[in-house]
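To start, the structure itself, in structure tokens.
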Number of protein chains: 2
Amino acid sequence: MGKVKGNLVVGQSGGPTVVINSSLSGVIQEAMAQSAVGEIYGMYRGIRGLLKEEFIDLRRQPAGVVEGLRHTPGAALGTVRYKLSEADYDRILDVLKKHNIRYLHYIGGNDSSDTSWQLARLAASSGYELHVVAVPKTVDNDLVHTDHCPGYPSAARFVAMATRDTGRDTEAMGPESPVKILEVMGRNTGWLTAAAALARQEEGDPPHLVYVPERPVSVEQLLQDVERCYREREYVVIAMSEGAQESAGKTLGEAFAPKEVDTFGHRMKGGVSDFVATLLSGKLGLKVRLDKPNYLQRSLMVCASAVDLEEAFRVGKEAVKQAVGGCAEGIVTLVRAPGPGYHCSLEVVSLAEVANKEKMLPVEFMNEAGNYPTAAFLDYARPLVGALAPPYVRLSRATA
Amino acid sequence: MGKVKGNLVVGQSGGPTVVINSSLSGVIQEAMAQSAVGEIYGMYRGIRGLLKEEFIDLRRQPAGVVEGLRHTPGAALGTVRYKLSEADYDRILDVLKKHNIRYLHYIGGNDSSDTSWQLARLAASSGYELHVVAVPKTVDNDLVHTDHCPGYPSAARFVAMATRDTGRDTEAMGPESPVKILEVMGRNTGWLTAAAALARQEEGDPPHLVYVPERPVSVEQLLQDVERCYREREYVVIAMSEGAQESAGKTLGEAFAPKEVDTFGHRMKGGVSDFVATLLSGKLGLKVRLDKPNYLQRSLMVCASAVDLEEAFRVGKEAVKQAVGGCAEGIVTLVRAPGPGYHCSLEVVSLAEVANKEKMLPVEFMNEAGNYPTAAFLDYARPLVGALAPPYVRLSRATA
């Protein structure tokens, strides 16, 4: 297929990350370098911007803005959660034709891949030449056919740093408030929570327990785990997925959630870590403290992984190269080279292979007890997250 | 008074910070340089370590440890919350005499200053020569007679960075979940919450509202504030002290707290931001998201302020210099030089002037409406926190 001349549109979708704008910058910079590409449009707030013809002119931005995206968190185009339906198809085709859009790049995760896949099929079945190459992005790291997803390494770095540092805080407080729970994003998958284990510098360091949705833990087992850890060193740091389960499909504490409604008629929301905190203080008499950094996990720029920032940019550029090079539909994937030393090359797989699929943490990445990641996981994650330098010190307890 | 030869003991107290170990390193390094100082003891877990004669030998630490404390968060000696009483006095005098301790340094905030003050009076009234020079530390920044407290600039830097970055996240999500509340430490004072305003790079940037305990806000006013901000730009980022009040002495939402007890007989805890989230979604129909970084505010090393790290070290050294130089009792203070350019010199004031006093955010540091810090506050805080470089970019919305 020859290079079709036409305009390009790019959108961002789902939750922002610290590197989603790096991918956007990559798309724009590569698009400017390609003679086949005319105008470069940004969808304002995702696919809804396309439907409403709300475009941002990305070719004519003030000096420094496109490059500055590479260190700016959030989603500069605005994002959206919108499930495309067949009712939107006619409108979309009209807009694509009206603006002679031939290249479409959607930066996002699972749901966004489905949107891209629908758009590619729509164009193909209508005989309209459109090249749809998606750009992967999700802190959940749950896209299939890619070694990892841009956005994950930086969020994982936040989780590792937070665990290491709140761990030192907890150790310092000692028996007065010996249990810390760090609640980590991940309703269905434990990729991000597992990254807490990268905080461990030497044996006995936090985290001491790591619970992920893929490995349900009974209330009894949880109590035993915490009690054992507390006996060993008088403090316990737990990394817990917001979606941690007590049995398959049943979130921890679901059965205990308070039934009371508040003044406005809403059910009070608790969450897994609140339940576990109440459980531990009630059953073990231990004072528990919680950290719930929530959206900071995906936005705190100072924790960005250098590998992630660079890869997100490359992945954005690659999507444009592939589309202009003739690829009809696909999503860019990262393929890790075997052997020591870290390197990922870029490939493309069909959107059909990725849309609506979810990659869970593999069995071999968690220990038998289901309460700590394995060395295999650490080998996987460490090059993505990078070193947490400099190493911290501990005083020698040799008594005076 | 000549230099008495004797041993030195140092302890850490209250909540850890990212720089409390820098102060400890300063104490140790200065003590090693002073010929009047013999042994250098660390109290294991604060004053309780002194009572129990649990000392750590700080003069004979492995290579690199004392210097490494300067970039290690937490409290390396372990910390404690313990209110000294007269019942402890005899025991303390015995321990001081037994170990020939002549220099005592306690690193901490309000309560710790009171402990130091008690120790100084005890020694004086017993005719035992003891030099007690305290080292200030608190992220609350509420000690009197000092421009600011070591620990505050770094926690303030975390709050500013978190506000800036979660602000970009909220802006990207737009009308789908337009309100973000960042809950900030500070039960009685708003110093830390006010630092959120340092996130603002240009007009209209987050935060949009800042609520501190010193300036109560009625539920009606809060609703009006949020509605106005939402109308202006479709999203609202709020920095809220955990101790925000609706009238003097009455925490926001206190009256609405759920009365229900959980399975274990404990009252469910909500907190100010949970109440406000429920309020806003109920009354304004806006989806609210919360960030509760809690202990990460005082422990995330990557957010440390360079000024803070350096000052904490200097303050530790100064305490030893003063004690060895003959000062009987006091606490080191930071005194800011007037004029442009930032510089603080170190002085000492009597513990009697500082113990059990609390410095509130002055009236001129908040605007008339009580919902945003003034330029005067920003001028005060900016040199402590440092620049949040590099500046972020925003796409020009000129439509395509």
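Quick check, is B:A172 of a type outside the set (F, W, Y), farther than 17 Å from B:V332 by Cβ and out of contact with any Leu (no Cβ under 7 Å at 6 or more places or on another chain)? The answer is yes for B:A172. Residue-level analysis places B:Y44 among those that are within 24 Å of the chain's Cα centre (by Cα) and aromatic (F, W, Y). Residues of the range A:365-395 that are hydroxyl-bearing (S, T, Y) and either more than 14 Å from chain B (Cβ to nearest Cβ) or surrounded by fewer than 17 Cβ atoms within 10 Å (Cβ to Cβ) (or both): A:Y372, A:T374, A:Y380. Would the range B:33-43 turn up any residue that is at the interface with chain A (Cβ under 8 Å from one of its Cβ atoms) and either modelled with pLDDT under 95 or in a loop (DSSP other than H, G, I, E, B) (or both)? No, every residue in the range B:33-43 fails to be at the interface with chain A (Cβ under 8 Å from one of its Cβ atoms) and either modelled with pLDDT under 95 or in a loop (DSSP other than H, G, I, E, B) (or both).
Residues checked against (1) within 14 Å of another protein chain (Cβ to nearest Cβ); (2) in contact with an Asp or Glu (Cβ under 6 Å, 6 or more places away or on another chain); (3) surrounded by fewer than 24 Cβ atoms within 10 Å (Cβ to Cβ):
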position	(1), (2), (3)
B:L119	no, no, no
B:Y128	no, no, yes
B:G167	yes, no, no
B:P175	yes, yes, yes
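Pairs linking a residue in the range A:94-120 that is more than 19 Å from A:V139 (Cβ to Cβ) to a residue that is surrounded by fewer than 22 Cβ atoms within 10 Å (Cβ to Cβ) and of a type in the set (D, E), with Cβ atoms under 6 Å and 6 or more positions apart or on different chains, are A:V95/A:E53.
A:Y41 fulfils the conditions (1) over 19 Å from A:H131 (Cα atoms); (2) touching a residue at least 60 places away in the same chain (Cβ under 8 Å); (3) of a type in the set (F, W, Y) except for a single criterion, (1). If you go through the range A:78-95 and keep only what is at pLDDT 95 or above and touching a helix residue (DSSP H, G or I) at 6+ places or on another chain (Cβ under 7 Å), you end up with A:G78, A:T79, A:D88, A:Y89, A:R91, A:I92, A:L93, A:V95.
Residues of the range A:45-55 that are surrounded by fewer than 23 Cβ atoms within 10 Å (Cβ to Cβ) and touching a Lys or Arg at 6+ places or on another chain (Cβ under 9 Å): A:L51, A:K52, A:E53, A:E54. Please list, ordered by first then second residue, the pairs with beta carbon atoms under 9 Å, 6 or more apart or interchain, first in the range B:56-70 and within 20 Å of B:V18 (Cβ to Cβ), second of a type in the set (F, W, Y) and assigned to a helix (DSSP H, G or I). Matching pairs, first to second residue: B:R70/B:F313. Checking the range A:105-116 against the condition returns no match, with no residue being touching a Leu at 6+ places or on another chain (Cβ under 8 Å), part of a loop (DSSP other than H, G, I, E, B), within 27 Å of A:P153 (Cβ to Cβ) and within 8 Å of chain B (Cβ to nearest Cβ). Residues that are at the interface with another protein chain (Cβ under 9 Å from one of its Cβ atoms) and in contact with a strand residue (DSSP E or B) (Cβ under 6 Å, 6 or more places away or on another chain) were ranked within the range B:10-19; the one that is surrounded by the fewest Cβ atoms within 10 Å (Cβ to Cβ) is B:P16. Output the residue which, of all residues in the range A:337-354 that are closer than 20 Å to A:D308 by Cβ and not β-branched (V, I, T), is surrounded by the fewest Cβ atoms within 10 Å (Cβ to Cβ). That would be A:G341.
Of all residues in the range A:348-364, those satisfying the criterion of being among the acidic types (D, E) and either within 14 Å of chain B (Cβ to nearest Cβ) or touching a helix residue (DSSP H, G or I) at 6+ places or on another chain (Cβ under 7 Å) (or both) are A:E358, A:E364.
With respect to the conditions (1) free of Cβ contacts under 8 Å to residues at least 12 places away in the same chain; (2) facing chain A (nearest Cβ under 7 Å), B:K52 falls short on a single one, namely (2).
Residue count for the range A:383-400 under the criterion of being assigned to a helix (DSSP H, G or I) and touching a helix residue (DSSP H, G or I) at 6+ places or on another chain (Cβ under 6 Å): the result is 2. Filtering the range A:77-93 to residues that are in contact (Cβ under 8 Å) with a residue 24 or more places away in the chain and either of a type outside the set (D, E, K, R) or under 14 Å from A:E53 (Cα atoms) (or both) leaves A:L77, A:G78, A:T79, A:V80, A:Y82, A:L84, A:D88, A:Y89, A:R91, A:I92, A:L93.
So, in the range A:298-345, of the ones that are aliphatic (A, V, I, L, M) and outside any helix (DSSP H, G or I), which residue ends up farthest from the chain's Cα centre (by Cα)? If we take residues in the range A:298-345 being aliphatic (A, V, I, L, M) and outside any helix (DSSP H, G or I), then A:A328 is farthest from the chain's Cα centre (by Cα). Of everything in the range B:63-89 that is of a type in the set (G, A, S), in a loop (DSSP other than H, G, I, E, B) and surrounded by fewer than 17 Cβ atoms within 10 Å (Cβ to Cβ), the residue that is farthest from the other protein chains (Cβ to nearest Cβ) is B:S85. Within the set B:D225, B:D308, B:D262, the sole residue that is modelled with pLDDT of 95 or more, of a type in the set (D, E, K, R) and touching a helix residue (DSSP H, G or I) at 6+ places or on another chain (Cβ under 7 Å) turns out to be B:D308.
Looking at B:L280, B:L284, B:L300, B:L252, just one residue is buried (at least 17 other Cβ atoms within 10 Å of the Cβ), at pLDDT 95 or above and in contact with a Phe, Trp or Tyr (Cβ under 9 Å, 6 or more places away or on another chain), and that residue is B:L300.
The values are calculated or read from the model by the stated rules, or taken from the named source; none is laboratory data. Small disclaimer: the values here were computed from a predicted structure and weren't measured. Here Cβ is always computed from backbone atoms with ideal geometry, including for glycine, and neighbour counts include all displayed protein chains.
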